[in-house]
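See structure below.
The values are calculated or read from the model by the stated rules, or taken from the named source; none is laboratory data. Here the structure is a predicted model, which means the values were calculated and not measured. Methodologically, a virtual Cβ is constructed for each residue, glycine included, from the backbone with ideal geometry; neighbour enumeration extends over all protein chains shown.
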């Protein structure tokens, strides 16, 4: 896709981590970016820094997402780019020993459902609502109208202990990319997913330094955590290179996660 002066984007989870890096990279490329996030204070700050727009949006709430798109489009026009990084999930083993009772406990169906709603259903919600707006745009070169980038995870292929909901939800996100791309092919809208490995995002940087050292050493090459800017760089490339479509792309330094 050719990025022109009027090109706009919506980035979910854009107040921090991979979402913020995506918003910053797109803004640096000349895109007008609207950030969806729950962190109003930081989200506003990031939006101001990149000359963008912020909307407080709960990705679990359909009405809030619809209102968010309305606000983004009123500010910068219909987006041609969606980058969905926001996620809501809970963790736990399918069945584990209960230290309090000495027996066993199950990761509840309710917690699993909550996670799937926050990962897979939210991804479809954002992608489909954005595509609905993109469909009415004037086509660019090759008849292209827009591009959707979803965030999966290396856990989609090698989830660890305690990631039954997260891993299966992210595998589902990967599963969205090709059928969405095929559903939207006649409209000129592309869809891909990125599977980041271990990145230096705020939650990860909150773990003890020795743990970070072990994690960095476990990456084949380069032996470090991924930089959010590297994720943002790939997001921009997926926008610019129109032959990326229906793909699940690992960005992980060749790491394959062990069971724990």
Discussion item. If I filter region 112-123 for residues that are within 28 Å of residue 199 (Cα to Cα) and in contact with a strand residue (DSSP E or B) (Cβ under 7 Å, 6 or more places away or on another chain), do I get at least one hit?
Written reply: yes
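Kindly indicate whether any position in region 133-146 is within 22 Å of residue 119 (Cβ to Cβ) and either crowded, with 19+ Cβ neighbours inside 10 Å or without any contact (Cβ under 8 Å) to a residue 24 or more places away in the chain (or both). Explain how you work it out, then say what you get.
So the first thing to find is which residues in region 133-146 are within 22 Å of residue 119 (Cβ to Cβ), and the list is none.
No, region 133-146 contains no residue that is within 22 Å of residue 119 (Cβ to Cβ) and either crowded, with 19+ Cβ neighbours inside 10 Å or without any contact (Cβ under 8 Å) to a residue 24 or more places away in the chain (or both).
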Item to complete: State whether the residues of region 167-187 include one that is surrounded by fewer than 21 Cβ atoms within 10 Å (Cβ to Cβ), on the phi > 0 side of the Ramachandran plot and either part of a loop (DSSP other than H, G, I, E, B) or at pLDDT 95 or above (or both).
Response: no
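In this structure, does residue 219 turn out to be part of a helix (DSSP H, G or I) and at negative phi? Please lay out each step first, then the result.
Details: part of a helix (DSSP H, G or I): no; at negative phi: yes.
Taking the combined requirement at face value, the residue does not satisfy it.
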Worksheet item: Only one residue in 86, 47 is buried (at least 21 other Cβ atoms within 10 Å of the Cβ), in contact with a strand residue (DSSP E or B) (Cβ under 6 Å, 6 or more places away or on another chain), part of a loop (DSSP other than H, G, I, E, B) and in contact (Cβ under 8 Å) with a residue 12 or more places away in the chain, so which one is that?
Response: 86
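From the list 80, 97, 106, which residue is in contact with a strand residue (DSSP E or B) (Cβ under 8 Å, 6 or more places away or on another chain) and modelled with pLDDT under 95?
Working: 80 fails: modelled with pLDDT under 95; 106 fails: modelled with pLDDT under 95.
Exactly one residue qualifies, and that residue is 97.
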Practice prompt. Would you check which residues across region 56-82 are part of a strand (DSSP E or B) and either surrounded by fewer than 24 Cβ atoms within 10 Å (Cβ to Cβ) or free of Cβ contacts under 8 Å to residues at least 12 places away in the same chain (or both) and list them?
Written response: 56
Worksheet item: Taking the stated definitions as given, is residue 185 closer than 26 Å to residue 147 by Cβ and in contact with a helix residue (DSSP H, G or I) (Cβ under 6 Å, 6 or more places away or on another chain)?
Response: no
